[in-house]
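Input: a single structure, listed below in structure tokens.
The values are calculated or read from the model by the stated rules, or taken from the named source; none is laboratory data. Since the model is a prediction, treat every value here as computed from it, not as a measurement. Cβ placement follows ideal geometry from the backbone for every residue including glycine, while neighbour counts extend to all protein chains displayed. Please note that ligands, DNA and RNA were not included when accessible areas were found on the heavy atoms of the full protein model with its side chains. Shrake-Rupley method; radii C 1.70, N 1.55, O 1.52, S 1.80 Å.
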Amino acid sequence: MRNVKYENPPIEEGINYSQEHPLKEFAQLLLGIGILIALVLLVLNFFAGALAKRIPFEYEQAMLSSVDIKQIFEDEELSEAGDYSTQENYLQAIADKLIPAMGLPEGMAVQVHYSASDTVNAFATLGGNMLFFKGLIDAMDSEDELAAVMGHEIAHIKLRHPIVALGKGLTIATLAASISGSSGSSAGNLLLGSSAQLSMLKFSREQEAAADAESALALAQVYGHIGGADLLFQHFSEIEGEQKTKPAVMEMFRSHPYSEDRWQNLQQLALHNGWSTSGSLQKLAFPEHQPTKYPPKEHD
Amino acid sequence: MWEIAIVVVLLCLGYGFGSYREKKHYQSIYAREAELKNILVFDTARSPAPESETGGQLVLGNVVISSDYFKTFVAGLRMLVGGRLTSYESLLDRGRREAVLRMKAEARELGADSIFNVKFETSSISKGGNDTLGSIEVLVYGTALGNFQAA
């Protein structure tokens, strides 16, 4: 070896590794994959929404047939155990008063539930179920206002908003699970535990507007004027204006924002259809009604 | 929201410390490679002139090197679309070269001028599954020859 000249010449840098700036690759990947996922999400979201609407209402009910809806509301601490049949009968009577004017598809039925919680809210969920909170009812003086909220929630059910929200949520969870490569535990949980998602269904602003319009139409037919809805939004925009400066916003406005816009939309609708926004309001005859000037207590 | 903030902080930490360490490491590699360039390495099993050789002792260099959060994150994104995992390439390059340098340093201690039959072993100590970072071990070994008597 000594008589032959050997050497290990230095190897040129940048062959075995990239000399490109790592942040460049990071930005490219993040942007590219982000856009791709956003597109896929958009397409899937669209189809999920369009297809979920076509799921027959009986299937939606059958999905919940094994579930005790009252128990779920209690488990989620939305309502508490007890006999509220008088309150629920009263609420159901208002719903039944509105239903003929709402044009529900055949076979669709709604079920009103009551919670003695101070939360100022009401919501519609899967299987035609609605939950009304004492806090909301106490904040009202007239049956017309309650009917406006009732019409709004029935409209959500009529327009299949809960099943659309569930369909979209499941699609996104499935996509997320397939990307993260997990065995789909989150999607699986959502699928199996869909009953636990009852109160978490979120509706879009367009869906809320559509429900408002349906509700106003029903009010005009049943009560002859939409004074209840008008008063409701008037109050809500006042409270929302006051609440905007507070860090803790009432539950109602977290899920139903933009009362001012909704009030204006309603007034345009009234003008267009020739509905009166004022009329004699019927006194609320709710059992054990304790009207309060918009309860200061807030619920989270 | 918090989860995203934690990821962003980890990415910044990973990128900041990771790229600083990598830069420093490469500077050290360049300097020591120049310093040890007279110790030659060969992958052939035998010296071309075995009759003139003395020495003959096993030398080895070993290094364990870990990925950082940023590298792992970028690699995770890259694995969705395929292509060169450049963020890991520099990691392996540094590991291999560092291991060779450690082996050469050992050979220099002995007074050797060449190392034959050089072999590499690379294994992953942690695969980086389930939110842990991957780390690799690189082992390089060979037979040091030169003007010394094997112990």
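Observations, loosely collected:
- Once the range B:57-72 is narrowed to residues that are of a type outside the set (S, T, N, Q) and assigned to a helix (DSSP H, G or I), the residue that is most open to solvent (accessible area, probe 1.4 Å) is B:Tyr69.
This table checks each residue for (1) touching a residue at least 12 places away in the same chain (Cβ under 8 Å); (2) open to solvent by 80 Å² or more (accessible area, probe 1.4 Å); (3) of a type outside the set (Lys, Arg); (4) more than 10 Å from chain B (Cβ to nearest Cβ).
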site	(1), (2), (3), (4)
A:Pro10	no, yes, yes, no
A:Asn16	no, yes, yes, no
A:His21	no, yes, yes, no
A:Leu39	no, yes, yes, yes
A:Glu58	yes, yes, yes, yes
A:Gln61	yes, no, yes, yes
A:Gly82	yes, no, yes, yes
A:Glu88	yes, no, yes, yes
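- Within this structure, B:Ala75 fails the test of being assigned to a helix (DSSP H, G or I), within 12 Å of chain A (Cβ to nearest Cβ) and surrounded by fewer than 16 Cβ atoms within 10 Å (Cβ to Cβ).
- For the range B:28-56, the tally of residues that are at the interface with chain A (Cβ under 9 Å from one of its Cβ atoms), surrounded by 16 or more Cβ atoms within 10 Å (Cβ to Cβ) and closer than 20 Å to B:Leu101 by Cα stands at 5.
- Which listed residue, of B:Ser135, B:Ser123, B:Ser87, is surrounded by fewer than 19 Cβ atoms within 10 Å (Cβ to Cβ), among the small types (Gly, Ala, Ser), over 20 Å from B:Pro50 (Cα atoms) and in contact with a Ser or Thr (Cβ under 9 Å, 6 or more places away or on another chain): B:Ser135
- Criterion violated by A:Asp300 - all others in (1) modelled with pLDDT of 80 or more; (2) of a type outside the set (Ser, Thr, Tyr); (3) loosely packed, with under 11 Cβ neighbours inside 10 Å satisfied: (1)
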